[in-house]
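Colleague: Mind looking over this structure? Questions follow.
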C-alpha cells in the first residue's frame, strides 16, 4: 500500500492557524506546573511500535476508559499510524485537538466526545 505524503500544514494546532513550534508543541505551564488555560485532565498512551490496525483498536479502547470531555495524548509512529489513527478517531466522533511532530514519533491530542 502506498503511503500518501503528509501535507505541510498537517502538524498544526487544529484550534489556530499557527503551526506547532519545533519545541515540545505543548501549551506552556504556569506556576506549579498548572496549565495557563482551562483544560480537562490529560491522559497518555504510548503506541509507538504497535502496528496498524492494532494501534487504532488500542486507542479506541483507551478513549472509552476516560471520562467524556477528558483529553488523551497518544504517541504514534510516523507514516501510516499518524495518517490513519487521527482520521479514524475523528470520523468516529472524537475531537482531534492537535497533531504534533516529535523527533522520532508523533503525538495526537484527542478530546473524548462520545
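Each value in this text was obtained by applying a stated rule to the coordinates, not by laboratory testing. Fair warning: this is a prediction, and the values are worked out from it, not measured in the lab. Cβ sites come from the backbone with ideal geometry, for glycine too, and all protein chains shown count toward neighbours.
Colleague: How far apart, in nm, are two points set 7 Å out from the Cα along the Cα-to-Cβ line at residue 44 and at residue 84?
Modeller: 2.6 nm
Colleague: Working only with C-alpha atoms, what are the Rg and Dmax values of the range 40-114, expressed in angstrom?
Modeller: Every Cα atom of the range 40-114 included, Rg and Dmax give 10.9, 31 Å.
Colleague: Based on DSSP, what percent of beta bridges with both residues in the range 40-114 are antiparallel, to the nearest 5? Spell out each step's value before the answer.
Modeller: Numbers: 12 of 17 bridges.
Once the DSSP bridges in the range 40-114 are tallied, antiparallel ones form about 70 percent.
Colleague: Right, another one. Mind giving me the nanometre distance, one decimal, between the label points for residue 113 and residue 92, set 7 Å out from Cα along Cα→Cβ?
Modeller: Using points 7 Å along Cα→Cβ, the separation is 1.4 nm.
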